[in-house]
Structure formats: C-alpha cells, structure tokens
Amino acid sequence: MQTDYDPRAVEAAAQRYWEDNQSFKAVEDPSREKFYCLSMFPYPSGRLHMGHVRNYTIGDVIARYQRMLGKNVLQPMGWDAFGLPAENAAIQHGIPPSQWTTSNIQYMKGQLKHLGFGYDWDRELATCDPDYYRWEQWLFTRLIEKGLAYRSRATVNWDPVDQTVLANEQVIDGRGWRSGAPVEKREIEQWFVRITDYAQELLDALDGLEGWPERVRTMQRNWIGRSEGVHMDFGIEGSDEVLGIYTTRPDTVMGVTYVAVAAEHPLAHGAAKDDPELAAFIEECRQGGTSEAEIETMEKKGHRLGINAIHPITGEPVPIFAANFVLMGYGTGAVMAVPAHDQRDWEFAERYGIPKKAVVRSADGSPCGIEEGAYTEKGICFDSGPFDGMDFDQALDAIANWLSERGKGSRTVNFRLRDWGVSRQRYWGCPLPVVQTADGGVRAETDLPVRLPDDVVVDGSGSPLKRMPEFSKLPSGETRETDTFDTFFESSWYYARYCSADCDTAMLDERAKYWLPVDQYVGGIEHAVLHLLYARFFHKLMRDEGLVDCDEPFARLLTQGMVVAETWYREGADGRKQWFNPADVEVERDDKGKVVGAKLASDGQPVHFGGIEKMSKSKNNGVDPQALTERYGADTVRLYTMFTSPPDQSLEWNDEGVEGAFRFIKRLWALAVGEAELIRSAGAPADLDDSAQEARREIHGALKKALFDYERQQFNTVVSACMSMVNVLYKLDDTPARAQLLREGVSIVLRLLAPIAPHVTHHLWVELGLGEDILRSAWPQVDASALQQDSIEYVVQVNGKVRGSVKVAVDADKDAVQAAALANDQIRKFVGDGTIRKVILVPKKLLNIVVSPA
C-alpha cells in the first residue's frame, strides 16, 4: 500500500470502479425491499455551492447506508432547468438560454461526479427537454378536459422590468426579487389549476405524514388555511345587486360600521368614473403588491365610494370604502369592517372618523374598552338584538341560521389557499399546450410536445414568442398561447418521472408504482410550502389519472440546515458596505475564540465583523467546494459537512474543522497502512485477556451507538463513534489477540464510514483483503457478548478529590465497592485514621468517601 494518503488517486480509482461496475444503476426487483432516496434537484446555475454539497452529501449518505442494509436503492439526479435566472443570464451574456443551461449542466454534473455521489445517471433528466415537458403538457390537456384547469382574469404582481407575473413570495418590500423594480398590480388573463378542489384532502393528509418535520406540516396547514365562518349578502343601496362577504367572526356582525372593498372591485371602478380622486387612489393602489404580508405592514388608506351597503340583519345603510388592505384575489374582494373588534378596521376607522360600535364583551362582564385599540377576544354578544348573551359558538350558529332562513347567507368553510396561477409571460419555460380559436375560445393542443424554440437570443423586452409568428400562428388561422408554465410545474412531478425516465409512450409506466412513494426526500426548509404543496397536489392529479397508486409523494422528509459563515465588511463614504471573503481576512481572537480584531490580508487595514450568516454571493462569504476538493479530496469535504453538526441544523463553516477532518482520514489511513500485514493475516479469534476484552467492549459499544445514530440520521455522532474506535485501535496492547481486534475493528470502522467517506473506505477495504466491494459487504452488527462485563471500574474520591480507582464485580453493591476501595493502599492513605462520615455511590461510575480528620 502507498504510505501517504493521496486523495486524488484514491478517489479517481474508486469512481472508475463504480462506473465500470454500474454500482448505482437501479433495476426494479419485486423480490427485494426498495428504497427511493431523493435530494431536491438543482437549478443549473453554473457552479455548486456548499449548500448543494451538504444537501447532496446527506442524501448520498442515506442512500449508501440503505444500500449496505441490503435494500434495492434508487438515487437519481436531474436539473430544474427552466426559469427566469437562466433567461436573465442569457440576456446578460448575449446567448440563447438553452446554450447557457446546457453548458452549466455539463459543468455541474462533473462536479457532482467528482464528489462521488452514487447517482443512477441513466435516469438523468432536464426539465427543458421536450421528452420531459411533453408529459406535463399532456396532463394539462387532461386537466382542461376535466375542468381542473381554466383561464380567468386575475389581479397579479407585475414586474415591469422582467415583464412577468411574480408570485407573492417573489415580491420583497414591494419590489421584484430579481429586478428590484417597484411591482405593479395588473389584471390580466391567466391560466389556473384548481388546487382548491383538493384543499381538504391536502390538509387532512398532513396528519399521516409522520415522517415529516412538524414545523413543515404546520406551515402547510397555515398556508392551506381552513376556516369556518359565514357567507352573507349585503345589499347595495338603490340597486338589486348584492355584495357577498365572508367572515370568521359573525358574532361581531351587529358592530359593522362600514364595508371595505378592494381597489380593483367592480364597485370601486364604477364609482371612479365620476370621482377623479377615487380614480387616482385606485391607480396608487396598483403600485403595491398583492401579498398578505405586505398588506399587513402598509399604511391603511382608503376612499369613500359615495354609495352605501345595506346591513343584512338590521337593514341599516353603512358606507362603502375602497381600501388598500383588501385583496381582490382573496375571498370576494370585500370585507365587513368592525372597528371595535378588529385592529386593522380600528386603525382605518380612526383615520377616517368612522364610528366604532362594540358588540362583544368579556365573559366576566368587564367592559371591553376600545378607546386605545380593538377588543379582539371572543366573548359574549351584547347590543346585538336577538343574539344578546350568546357566546361565539352560539352566535355563529344562530346568525348563520337566521341568514339562511331568509336567503341572505349560510355557514361556510373557506380556505386561505387560492387556485394555482400557472402561466408566466416569459420565454424560457414549458409552452402552455393551448390554442386560441378564431371565435375567441380556447382548446387544448393535440400534437404534443409543443416545442419551445431553443435557438433564440432574448433581450429582456418581453417574451420573444410573442414576436415569432412561426411559433404563435398556426396554418388553421388559430393562435398558439405564448405564455409558459410557472417552473414549479416542472418541479412538482420530476420525482415520479425518474422512475420511468426512458418511457416514450406515457407520462409514467408501471415502474413508478414499484418505486413510489419516495422513501426519503432531502431539501431546504425554504421549499416547505410551495414546492412541497404543489408536488403533493400534482401527485394526487397523477393518482386520479391512474398513473400512481399511492396518495402522497414523499414518505419521509429531511430539511437540512443552512451552511453559514462569518461575514466581514468595510463601510464606504456613501454608507454602502463592501463585503470581503473570510479567506481574505486575518482574524485575531481571544482564548475563548471571540473576535478581538481583523484586517484584510491584502492591505492590512481593519475590517468589521458582520455576524454569521448564510453563505451567499451578496455577503461574499461563500466557500468554493471545487477548491476544497482539489486541496483535500471529496471525502474530507463530505466528512466535514457530516461531522460538524446534525443534518437538520445549521453548519457554521470553520476552516480548522476541514483540516481536522483531513487529519482524521490520514490517521485512519496510517493505521491501515501500518498494520496492513497484521490485518491481512489475522486468523481465528484468540482468547481475549482483560485488556483485549475491554477494547472489544469499547468498539462494540461505539458500534451500537453508531447504528442507533444512523437510524435517526445523526451522522455527526456516527463520525464521533468512528473516531473513538480508531483511538481504541491505536492503543491496543501487544497481545496475541491484537491482529484479530485490528481486523475486526478496522472492518467495522470502514463500513460505518463507507456512506460518508466512500472513496477511502472502498480503497482500504480492498487493500486490506476484507472484500472486493465494500458497498456489497454485510452491514456490521453488534456482538452482544462483547458488551457483557464481569467487572467494572469505579473512580474513587476522598472528600471530593479523585484518589484512585478499583475494579469490582459488575453487580457489586455499595458495601463491596467501599471494601475494595479501603483495601487499596493508594486510596487508604488518604483516608488515614479519619472518621468516615458518609459514603456516596454513583452506580457503575463513582464512589466518594467523606472523611473527617482524626
């Protein structure tokens, strides 16, 4: 064996072996237990970052572990290749997005292979491939046929620079997340999918996802937002029309003093025709976003329409206002306002001098006090006519019944979840398979796939598809839709296509029913709502088409923590911060590790500590995984990312920790090289003396803990257990049993580390004569007999100070341990002629003898 550890040579050889032997090719085998392990696929940005490396290392460790347990493992990889980032990058570089994307995929694929991830590359897919997206186009045509997809006008967030609709989550402080331009509200034709038809099922099924973090399930419950309330119809003065309103607080209906509608509401537009100030207010509201978070924090403004609504119970008129805090896309675009019992309504009423009428008090009869703010607790109704004295539940039933009997309302279940708007006005995406007919209608395309022209240079002035008659104009005189799908559409079903990646006759075939659901899904908490919710919805759509036979896509979910690092900056004269990479900063710390000073290495001038934050380009605190693997090897990077913290917690980057991981691998290598001949020649187990039995007990004790930690996915403590085993092996006494213990111990360590540091363990396994392929070796098992003890060692203290130790029978009682301690000359001399006042025993650990002077 080579004396020095050469990670490049070791890793290249291992990767050649895996490729030559197709070690990770997955083949369906009903006779074996399957395990489908999947990490969220990346957007091909050009280079991997440490977040990628950590995410994919976690997934690969799980997949390799399950493979070594004997399961039939599928672990695929692909590319989330459509989307605005590629389009914007292509604009910047003056090349087609397809060219930009393809080159990035090739580079990143090489990086993934270099890190030794065990993917079945035969199943690789890219969402920009027509062989992939033709099937989501096909499913969309089925949804149109079923009435689950429809076209409607909707108020949306419009980015005037990127020329596209933005989801609420893509609007930050009223600006587009990429362009930074102020977002406008626009009403345009959009395509929607009826996710609301599945809202209750999506909500109920969360209870069965026991392998998901409770935090994620709670986030989805809140996003779906089921509520029970009352729908009621307010009249409109001087009109036969009604204004529908939904409320979860019907107990406060007798306190309504005004009604608020969205600026986009038809009533507001009608009134604005004769009111220039109202028209100006509506135009002002167009400049804001449509997210609930933004609405909550903005200043509440409004304008009276000059018309009244008629209270459905009292028949009294109440004024109608257009208000910037009401969203047209939520509910009916109108709310009943009860300033006494809703803080937002209170603030608006305070600003515009609208009366406040209290109608709910606390259950103990104390006054509710609305002078300083709204009383929002549920209590007892008063000044509410026939509903006086009722609590919330009683009032809800009574008011719902009263309205229902008169045809003015009903008890209703509502959801915060809105139908999914799936169309985007950009080029680099999957074309919607829809044709606009000559008579103004729409029909689904029948000739699929509708291919996106890929040799196109975009310039940022809207989608070039709109300017390409060869794409949009059909020989029939009809017009093809030029919108493309929201990229969440592609990422909502890719996990299933991996199962049938080469099928050219259907979206999925029978192989999907073998592999699904995904047994382990790994990805960031930032995808907890939208991606995971859309994927769950898409899975149910495919189930209802008979393509899959399970209800949920992901049985178990691991949301890995972020990779964070120190940030360093200087502040310019204009107040802007210039950020420096931690690798370029020389830091002085005190003996507790606290920063006491720092300077930029290049000029020796001070820099300021900006805290520890997620690695990002904006803070320039990222670490290049490519440079790390070239310096230390992939195994060191993998080992470090697993050892530093549990997978679901943040990993704080530390260069010294990387060095430590590298030293451990070299130490393992040195042990194997130094004892290679002894390990290879080790024969049948010899009789073990006391020291050998103790060493074997420590090894199997660490193994027992490591096996437990693998199951709970705490890989950091698995590495700790391996380190402790290596320490034991280095300290073995030179006895006849040493060779056997070395062979057994090294064999256990290599197998435990194989999922985490696969290259070096593969190499050493072969070189030490332990087998041909560690991936196919039997997973180590604890020998229960090794853990049995005949004797145990107690630390002995005298008056709280350690004075020695004694060995006694494992079942020795307090008196026996005390007798053994007092029989020990070293300990006895500290007791002397003093009087023993008390003896304290910590079972199987410690004996403390309390002595007073003679």
Tell me which residues, restricted to the stretch 237-284, are of a type in the set (D, E, K, R), crowded, with 22+ Cβ neighbours inside 10 Å and out of contact with any Leu (no Cβ under 8 Å at 6 or more places or on another chain).
E264
Specify the residue that is surrounded by the most Cβ atoms within 10 Å (Cβ to Cβ); the eligible residues are those in the stretch 604-640 that are under 30 Å from H759 (Cα atoms) and among the aliphatic types (A, V, I, L, M).
A634
Going through the stretch 488-534 one residue at a time, which ones are touching a Leu at 6+ places or on another chain (Cβ under 8 Å), touching a residue at least 24 places away in the same chain (Cβ under 8 Å) and of a type in the set (S, T, N, Q)?
Q520
Of all the strands (runs of 3 or more DSSP E) wholly in the stretch 785-854, which have at least 3 residues that are among the charged types (D, E, K, R) and under 23 Å from L688 (Cα atoms)?
none
Checking A786 against (1) surrounded by 15 or more Cβ atoms within 10 Å (Cβ to Cβ); (2) in contact with a strand residue (DSSP E or B) (Cβ under 7 Å, 6 or more places away or on another chain); (3) at pLDDT below 95, the condition it does not meet:
(2)
Out of all the residues in the stretch 641-657, which are farther than 11 Å from V563 by Cβ and crowded, with 21+ Cβ neighbours inside 10 Å?
M642, F643, P647
Any residue at all in the stretch 775-786 that is among the polar types (S, T, N, Q), assigned by TED's automatic domain parsing to the domain that holds G701, within 35 Å of the chain's Cα centre (by Cα) and more than 15 Å from E698 (Cβ to Cβ)?
yes
Criterion first (surrounded by 15 or more Cβ atoms within 10 Å (Cβ to Cβ), more than 30 Å from P736 (Cβ to Cβ) and not acidic (D, E)) does A672 satisfy it?
no
Name the pairs whose Cβ atoms lie under 7 Å apart, with the first residue in the stretch 10-28 and loosely packed, with under 14 Cβ neighbours inside 10 Å, the second of a type outside the set (A, V, I, L, M) and assigned to a loop (DSSP other than H, G, I, E, B), and 6 or more positions between them or separate chains?
K25/D120
Need the failing condition index for L671 against (1) at pLDDT 95 or above; (2) within 39 Å of the chain's Cα centre (by Cα), just the number.
(2)
Looking at E526, E490, which is the one that is assigned to a helix (DSSP H, G or I), modelled with pLDDT under 95 and under 27 Å from the mean Cα position of the chain (by Cα)?
E526
The stretch 825-837 residues that are surrounded by 10 or more Cβ atoms within 10 Å (Cβ to Cβ), paired with ones that are modelled with pLDDT under 90 (beta carbon under 9 Å, 6 or more apart):
G832/P853; G832/A854; G834/P853; G834/A854; T835/P853; T835/A854
Take the conditions in contact (Cβ under 8 Å) with a residue 12 or more places away in the chain, closer than 30 Å to E711 by Cα and not in a loop (DSSP other than H, G, I, E, B) and apply them to L775. Does it pass?
yes
Qualifying residues in the stretch 622-669 (those that are acidic (D, E) and in contact with a strand residue (DSSP E or B) (Cβ under 8 Å, 6 or more places away or on another chain)) - the one nearest to E711 (Cα to Cα):
D648
For Q92, work out the one condition from (1) among the polar types (S, T, N, Q); (2) more than 28 Å from the chain's Cα centre (by Cα); (3) buried (at least 20 other Cβ atoms within 10 Å of the Cβ) it doesn't fulfil.
(3)
Considering only the stretch 691-724, state which residues are surrounded by 16 or more Cβ atoms within 10 Å (Cβ to Cβ) and not in a helix (DSSP H, G or I).
Q713, Q714
Tabulated pairs, the stretch 333-357, first modelled with pLDDT of 95 or more, second of a type in the set (F, W, Y), C-beta under 6 angstrom, 6+ apart or interchain
A337/Y258; P339/W346; H341/Y375; I354/Y258
Scan the stretch 67-82 for residues that are free of Cβ contacts under 8 Å to residues at least 60 places away in the same chain and either among the polar types (S, T, N, Q) or at positive phi (or both) and jot them down.
N72, Q75
Which ones in the stretch 16-36 are part of a loop (DSSP other than H, G, I, E, B) and either within 14 Å of K71 (Cβ to Cβ) or of a type in the set (A, V, I, L, M, F, W, C) (or both)?
F24, A26, V27, E28, D29, P30, S31, R32, E33
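The values are calculated or read from the model by the stated rules, or taken from the named source; none is laboratory data. A quick note: this is a predicted structure, and the numbers were derived from the prediction, not measured. Ideal geometry is used to build each Cβ from the backbone, glycine not excepted, and the neighbour counts take in all protein chains shown.
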